[in-house]
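Here is the structure we will look at, set down as structure tokens.
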Amino acid sequence: MAYYDLSKEERNGVVLEMSGEIISELNSNKHKKINNYLNNPDTYIRKNAYLIIGKIFIENTDLQYTIIALLEVLLKEESHYIRQTVINAAGEIGKRNFEIVMDFFDIGLFDKHHSPRNAVIGSIKKMGEVNPKPVLEWAKKYLHHPDKEIRREICHGIELRGRKYPEDILPLLKELEHDKTSRVRNTLIHVLGQIAYKKGCLATVITDLKTWKNKQLVAEAIGEIIDVHHRYRNFGALTQEEARDYINKNF
């Protein structure tokens with residue numbers, strides 16, 4: 001039976017049982033049950049596993065070395081489920097201490113399967129939102145990587161921080177303004193739209209775009225920003241007309 005086929009009380013019981021078994025195996029240097037949780041086909045079992053591991057890391061300093069050592073071993077497993085969940089667990093740890101898990105993202109970014117690579121993007125988003133300085137510094141070194149997919153994934157990964165603090169990621173985005181690859185360019189335009197519709201963000205983005213040299217890309221980005229204000233009209237600070245008027249007056 002899948003996790004969300006259970007009642008809330010039953011789900012709570014599953015999480016409690018998982019927590020007990022994971023901490024027990026960490027204390028005894030075993031990982032059979034941990035492997036099973038990380039390799040479970042049910043997305044929500046895997047999610048609970050990495051959330052539990054992240055919580056144990058924060059709350060049990062004596063087990064931190066054991067957790068990192070185990071995750072390093074499991075990152076080499078053949079199962080992409082396990083590697084994906086390891087990256088997500090590292091993302092939970094990286095919210096507090098990015099430096100200790102940075103290598104996991106250097107490896108996961110080049111994984112042969114898309115699931116661990118997607119977990120890197122998701123982890124960059126959640127870490128960058130609460131622990132931006134080291135995460136963005138790490139992301140910066142991949143902005144000009146020869147592989148266009150790496151550049152695109154990094155651009156996508158830093159988006160979430162920019163939704164509240166566009167000024168933090170705009171310098172990184174600007175480094176991609178002359179990228180020739182359409183997938184990178186399209187992601188860049190998308191991200192510029194996504195970081196412009198919350199309260200106070202439009203002015204920051206438009207002020208920065210005025211300094212960009214690729215005028216064709218800027219024009220496309222402005223079109224996306226105006227369109228986003230319609231698509232997200234229930235969540236944006238301004239109406240589409242207000243956004244258009246602001247841009248016309250200030251750009």
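The values are calculated or read from the model by the stated rules, or taken from the named source; none is laboratory data. None of these values were measured; they are calculated from a predicted model. With ideal geometry, Cβ positions are generated from the backbone for all residues, glycine too; neighbour counts draw on all protein chains shown. Surface accessibility is based on the protein's heavy atoms, side chains included, excluding ligands, DNA and RNA. Shrake-Rupley method; radii C 1.70, N 1.55, O 1.52, S 1.80 Å.
With every protein chain left in place, what is the accessible area per residue of the chain in square angstrom, probe 1.4 Å?
Details: 12900 Å² over 251 residues.
The answer is 51 Å² per residue.
When the inverse distances between all different Cα atoms of the chain are averaged and flipped, the Kirkwood radius reads 19.7 angstrom.
Divide by every residue of the chain the summed helix terms, -39500 (n - 2.57) for each DSSP H run of at least 4, and state the resulting mean residue ellipticity at 222 nm, rounded to the nearest 500 deg cm²/dmol.
Values: 15 runs with 178 residues, N = 251.
The helix contribution divided over the chain gives -22000 deg cm²/dmol.
Of the solvent-accessible surface of segment 139-244, computed with a 1.4 Å probe over protein heavy atoms with every protein chain present, carbon and sulfur atoms account for 51 percent. Could you tell me which of the pairs Lys164/Lys199; Lys76/Lys140; Lys126/Lys164; Lys133/Lys215; Lys30/Lys76 are separated by over 18 angstrom between their Cα atoms in the structure shown? Among Lys164/Lys199; Lys76/Lys140; Lys126/Lys164; Lys133/Lys215; Lys30/Lys76, the Cα-Cα distance tops 18 Å for Lys76/Lys140; Lys133/Lys215.
Helix 182-194 sits at what angle to the longest principal axis of the chain, using alpha carbons and giving 0 to 90 degrees rounded to 10? Approximately 90 degrees, to the nearest ten. Kindly identify segment 1-143 as rounded, prolate or oblate by the Cα gyration tensor criterion: order the square roots of the eigenvalues as a ≥ b ≥ c, call it rounded if a/c is under 1.5, otherwise compare a/b with b/c, prolate if a/b is larger, else oblate. Since a/c reaches 1.5 and a/b is larger than b/c, the shape of segment 1-143 is classed as prolate.
Simple point charges give the picture: +1 on the Cβ of Lys and Arg, -1 on the Cβ of Asp and Glu, and for segment 84-134 a dipole about the Cα centre of about 160 debye. In this rough spin-label picture, where each label sits 7 Å from Cα along the Cβ direction, the Lys140-Tyr232 distance is 2.5 nm.
Between the Cα long axis of helix 240-250 and the first principal axis of the chain there is an angle of about 60°, rounded to the nearest 10. For helix 215-231, report the angle its Cα long axis makes with the longest principal axis of the Cα atoms of the chain; keep it between 0 and 90° and round to the nearest 10°. It is inclined by approximately 70 degrees.
For the pair Asn97 and Glu175 in one chain, pulling the backbone fully straight at 0.36 nm per residue adds 25.4 nm over the alpha carbon distance. About its Cα centre, the dipole of the chain is roughly 680 debye, where the only charges are +1 on Lys and Arg Cβ and -1 on Asp and Glu Cβ.
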